[in-house]
Amino acid sequence: MVNGKRNRVAKIIYGWVSKWYRGAIINEFSLPMRLLFKTILLVSVLILPLCQPIASQDRAADREVTILYTNDFHSAFDPIPAYWLPGEPKLGGAAQLASLINQYRQRAQTSFLFDSGDMFTGQLSFLTRGEALMEMMISMHYDAMAIGNHEFDYGSANFTRQMSLVPFPVLGANIYYKGTNHRYARPYTIIERNGVRLGVIGIIGGDAIGVVPAALVTDLEFRDPEPEIAAAVKELKDKVDLIVVLSHQGKTGPQQTDAEAHPDLQRDFDEDIKLCGDVPGIDIFIGGHAHIGIEKPYVHPQTGTIIVQTYGYGTRMGYLKLTVKDKKVIAHQGELVKVWSDQLKPDPAVAAKLAYYKQLVAPQIGEVLGVNKKRLVRDYRAESTLGSFVADVMRERANADVAIENAGGLRWDIPAGEINKGHVLDALPFLNYLWTYEMTGAQIREVLEHSLSLIHGMAQVSGLRAVYDMRQPVGHRLVELRIGGQLADDRKRYRVAITNFIAEGGDEYYTLMKSQPIEKGPLLSESVMDYFRKHHEVTPPTMGRLVPLNERDRAVPMAPKPPAK
Ligand SMILES: [Zn+2]
């Protein structure tokens, strides 16, 4: 700011002096005025040499830039009881995260706040179609966000409306209206603060697109992110000091509440590393979708790009402090800062907005549906009590032999105690419907084999018992399959309750894409609500449906270890 003012003063003085030389002023004024102008000239001649070097030093001087970031917030508005940590402290919460962000902002010379997508999911998101999230972001003064797959949970038209309501740029360089060269969102933006100019690009990747139900984005096509980033970098590089990419690509994050406590459950970020190697010129790459907590920033060995990402759910605030000189990052330090909810005073603006939305949806979620006797939990790579419970609900409702639900469809545990609609919507926040198919034993086997690849987690089941061997290659892991207690017959047709998400190719389940359902039922969430109303009391389901041949397979690593720095 100070340097910018100096520049402007120097320019004004320079303008006067050149006018004086041209005689445009001097001939029109009296002697005292001429003397005044001469004095100004004299002062100018003395000041200019002082001003100019300062102005030209601006770019060369070291600048301190702080980048704060989030990804995959997934509507984690309230602090999360971290039952996997000693003493079960609480982590995260929107108002607590906001106050931590503000603390860091106050300490920083120049700071920016970015998000890499997947703000949506959860009850408040479902009931406001994402509006509560966008409003929260306004209150937290985000500078830009990338579009994640979950921003399409209620369709592309809905998100168009949500995008139009926020004052900050929402970015998606590789999202186009189908069959056209018109983009759905802005590809990039330039943000200038305190004389620091950032070029910020947003993209979404193949895996993320693969989990968007096709019916929700019929008007869109998603192109390869790499050429889009390369083109944007080319356009931006002479105009900005640094280039930041907000990316929602890579492997789909594990859906398990305590995922951050399991290093072997963490995904890698190989695709981010590859992209940052293929496209030189990216200074900072803020990832998303994989939910991998990169505790210390990873520096690309070839291009020097700094790659970061959090575990998601607002349990950490991403912090990156840069020293910038001549449009280059010459030093950096960064970490994932834990959001200790109990030690942070909730930010009043965010807390007030949250209270407003909670009161708004209260009439819709307040009804007590029944009582849950024991917490139902998710497990992304094995059988789980929540998964089995939901599959049991589906099988009963559809009067089916078998029920199958994808692991990624379960978004939160169902706590013990009185259960209201909000609890069910947190666990099942999607527009996923219960469809019934006739499937052969061979088709069921195919679905299970895909699930056992663990690319999108292990499908949760009811009515069958599958024994699997993770030491076998993908596609050959199912050792034994029993349906209704009998060995499955590949040619026999079974009545199968499944979600339209799996049936329509979501999570790369392609088995049913050419088949038609024999029945289309209600939303999965409604089926579970009805089940609570009907049975009043829910006890944990029987386990032993998905049985590893070797007990160690129950915790098979999801990905190789992330590369060391
Ligand atoms: Zn995602």
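Give me SER156, SER453, SER462, SER247 ranked fewest to most by other Cβ atoms within 10 Å of their Cβ, as a rough exposure proxy.
Fewest-to-most Cβ neighbours within 10 Å comes out as SER453, SER156, SER462, SER247.
What whole-number distance in Å separates the alpha-carbon centres of segment 421-457 and segment 211-262?
25
When the C-alpha atoms of segment 377-459 are aligned to their principal axes, what extent does each axis show, in angstrom, from largest down?
Largest first, segment 377-459 extends 40, 28, 21 Å along its Cα principal axes.
Which values, in whole Å and largest first, are the semi-axes of the equivalent ellipsoid of segment 252-307 obtained as the square root of 5 times each eigenvalue of the Cα gyration tensor?
Working from the Cα gyration tensor, I get semi-axes of 24, 10, 8 Å.
With equal scatterers on the alpha carbons only and no solvent term, can you work out the Debye log10 of I(q)/I(0) for segment 366-555 at 0.13, 0.14 1/Å?
So the normalised log intensities work out to -0.62, -0.72.
Using the alpha-carbon centroid of each, what span in Å lies between segment 514-551 and segment 326-383?
Rounded to whole Å, the Cα centres lie 26 Å apart.
For segment 296-301, what does the Karplus curve 6.51 cos²θ - 1.76 cosθ + 1.60, with θ = phi - 60°, yield as ³J(HN,Hα) per residue in whole Hz, taken in order and with x for Gly and Pro?
Rounded to whole hertz, the list is 10, x, 9, 9, 5, x.
Spin-label point model (7 Å from Cα, Cβ direction): what's the THR218 to LEU549 distance in nm?
That separation, rounded to one decimal, is 4.5 nm.
Fewest to most neighbouring Cβ within 10 Å: what's the order for ILE365, ILE190?
Least crowded to most crowded, the residues run ILE190, ILE365.
Measure nothing but the geometry: give the 0 to 90° angle between the long axis through the Cα atoms of 31-57 and the longest principal axis through the Cα atoms of the chain, rounded to 10°.
40
Any idea what the alpha-carbon Rg over 2.2 N^0.38 Å comes to for segment 151-242?
In units of the 2.2 N^0.38 Å rule of thumb, it is 1.16.
Considering the zone a paramagnetic label at LYS520 would reach in this model (a point 7 Å from Cα along the Cα-to-Cβ line), which residues of segment 143-181 have amide N under 20 Å from it?
153-158
Apply the a/c threshold of 1.5 to the C-alpha gyration tensor of segment 109-166 and tell me whether it is rounded, prolate or oblate.
prolate
How long is the gain from HIS535 to ILE330 if the chain were fully straight, where each residue apart is worth 0.36 nm and the alpha carbon distance is subtracted?
Difference between extended and current length: 67.5 nm.
Rounded to two decimal places and with Rh computed the Kirkwood way over Cα pairs, what is Rg over Rh for the chain? Spell out each step's value before the answer.
Values: Rg = 28.2 Å, Rh = 25.8 Å.
Using only Cα positions, Rg/Rh for the chain is 1.09.
What residues have an amide H closer than 5 Å to that of GLU367, excluding those fewer than 5 places away on the same chain, when H is modeled at 1.01 Å from N in the peptide plane?
Long-range HN contacts for GLU367: LYS421.
Amide H of LEU91: which non-local residues (sequence gap of 5 or more, or other chain) have their own amide H closer than 5 Å, using H built in the peptide plane?
Sorted by chain and number, the residues that satisfy this are ILE80, ALA82, SER341.
Can you tell me the order of 346-356, 533-543 when each peptide is scored by its average per-residue count of other Cβ atoms within 10 angstrom, highest first?
Packing proxy ranking, top to bottom: 346-356, 533-543.
Past the 23 Å Cα-Cα mark, which pairs from LYS338/LYS358; LYS373/LYS421; LYS251/LYS358?
LYS338/LYS358; LYS251/LYS358
If you wrap a convex hull around the Cα atoms of segment 217-365, how much volume per residue is inside, in Å³?
196
What are the equivalent ellipsoid semi-axes of segment 478-565, built from the alpha-carbon gyration tensor (square roots of five times its eigenvalues), in whole angstrom, biggest first?
28, 21, 20
Convert each backbone phi in segment 183-189 into a coupling constant with the Karplus relation 6.51 cos²θ - 1.76 cosθ + 1.60 (shift: θ = phi - 60°), then list the ³J(HN,Hα) values in order as whole Hz, x for Gly and Pro.
Rounded to whole hertz, the list is 7, 6, 9, 5, x, 8, 8.
Roughly speaking, what is the stretch gain from ASP62 to ALA442, that is 0.36 nm per residue apart minus the C-alpha to C-alpha distance, in nm to one decimal?
130.3 nm
Could you list LYS321, LYS374 in order of exposure, starting from the residue whose Cβ has the fewest other Cβ atoms within 10 Å?
Listed from fewest to most nearby Cβ atoms, that is LYS374, LYS321.
Provide the percentage of antiparallel DSSP beta bridges, counting only those with both residues in segment 366-555; round to the nearest 5.
On the way: 25 of 33 bridges.
Close to 75 percent.
Every number in this text was worked out from the coordinates using simple rules, so none of it is lab data. Please read all numbers here as calculations on a predicted model, not as lab measurements. Here the Cβ is made from the backbone with ideal geometry for all residues, glycine too, and neighbour counts use every protein chain on show.
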